[in-house]
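Q: I'd like to ask you about the structure that follows.
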Amino acid sequence: PLRANRGNIALFWCFFNHALTFLIQIRQTGKSLNLSMLNVALLSFLCRDAIINMITKDEKLRAIDIQRIKDIMNELPPYLDLRTKKDANNTEEITVKALGNHYKVNLPQASKKLAYNVGRGMTSPIFESDEGPYQVNCHISTSVALGGAGAAREAAERAGAPYGSIFTTT
């Protein structure tokens, strides 16, 4: 169960008030569950035609993150789970096509050129970074992703849709 604590209350309040959010929590205190619960709410209920981009440290964390979100979505009652067999169900992306929503988890790149390209591919109103201090060339991908998000965020704001940036680490 999700239990309210200073970390998740602050995370949810800051995100929904469009404040740049940094969440640093010690291991095993719910940081990842908090972010996953937020992403399920965004994908399943709050967003329409949205892309949520996450960059995480490595393939292992990407697989864990995607599986956690799938597990939470599997707990939804059938009438609230809008996913079908046409939705992406892999270790890199989750979709809820009925709402036009995509959650993509990207990986850092050792090459500066590839890190730049990863950032360019993450233009969206919602950007998340997990374990950024442990990502190679994080400064490149993050700078490019945030620099290109302005128009997407302005469009989301005009539409009354969620937008923002969240940085988490232990």
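Q: Cβ-Cβ under 6 Å, sequence separation 6+ or interchain: first residue in the stretch 139-150 and closer than 14 Å to I51 by Cα, partner open to solvent by less than 30 Å² (accessible area, probe 1.4 Å) and in a helix (DSSP H, G or I). Which pairs?
A: Qualifying pairs under 6 Å: A145/G119.
Q: Right, something else. Determine, yes or no, whether I55 is under 23 Å from P133 (Cβ atoms) and touching a residue at least 60 places away in the same chain (Cβ under 8 Å).
A: So I55 passes the test.
Q: Considering only the stretch 103-129, how many residues are farther than 15 Å from Y163 by Cβ and either among the aromatic types (F, W, Y) or open to solvent by less than 20 Å² (accessible area, probe 1.4 Å) (or both)?
A: Looking only at that region, the number is 5.
Q: Further question on the same structure: Could you list, in sequence order, the residues of the stretch 116-138 that are under 19 Å from I51 (Cβ atoms), among the β-branched types (V, I, T) and at pLDDT 95 or above?
A: Scanning the stretch 116-138 gives a single hit, I126.
Q: Let me ask you something else. With the stretch 1-98 as the region, which strands (runs of 3 or more DSSP E) entirely inside it contain at least 3 residues that are surrounded by 17 or more Cβ atoms within 10 Å (Cβ to Cβ)? Show your work before the answer.
A: On the way: elements: 21-24, 51-55, 93-96.
So the answer is 51-55, 93-96.
Q: Could you grab me the full set of residues in the stretch 153-170 that are buried (at least 19 other Cβ atoms within 10 Å of the Cβ) and either over 17 Å from the mean Cα position of the chain (by Cα) or of a type in the set (A, V, I, L, M) (or both)?
A: A156, I166
Q: Between G100, G119, G164, which is out of contact with any helix residue (DSSP H, G or I) (no Cβ under 9 Å at 6 or more places or on another chain) and not charged (D, E, K, R)?
A: Working: G119 fails: out of contact with any helix residue (DSSP H, G or I) (no Cβ under 9 Å at 6 or more places or on another chain); G164 fails: out of contact with any helix residue (DSSP H, G or I) (no Cβ under 9 Å at 6 or more places or on another chain).
Of the residues listed, the single one that is out of contact with any helix residue (DSSP H, G or I) (no Cβ under 9 Å at 6 or more places or on another chain) and not charged (D, E, K, R) is G100.
Here's the yes/no breakdown for (1) out of contact with any helix residue (DSSP H, G or I) (no Cβ under 7 Å at 6 or more places or on another chain); (2) in contact (Cβ under 8 Å) with a residue 24 or more places away in the chain; (3) at negative phi:
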residue: R68; (1), (2), (3): no, yes, yes
residue: E75; (1), (2), (3): yes, no, yes
residue: N106; (1), (2), (3): no, yes, yes
residue: P125; (1), (2), (3): no, yes, yes
residue: E131; (1), (2), (3): no, yes, no
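Q: Could you tell me how many of the residues in the stretch 135-151 are assigned to a helix (DSSP H, G or I) and surrounded by fewer than 19 Cβ atoms within 10 Å (Cβ to Cβ)? Steps first, answer last, please.
A: Within the stretch 135-151, the subset assigned to a helix (DSSP H, G or I) is 138-147, 150-151.
The next check asks that each one be surrounded by fewer than 19 Cβ atoms within 10 Å (Cβ to Cβ); those that pass are 139, 143, 146-147, 150-151.
Qualifying residue count, the stretch 135-151: 6.
The values are calculated or read from the model by the stated rules, or taken from the named source; none is laboratory data. Note that the structure is a prediction, hence the values are computed from the model and not measured. For neighbour counting, all protein chains shown are included, and Cβ atoms are generated from backbone atoms with ideal geometry for every residue, glycine included. Accessible surface is based on the protein model in full, side chains and every heavy atom, while ligands, DNA and RNA are left aside. Shrake-Rupley method; radii C 1.70, N 1.55, O 1.52, S 1.80 Å.
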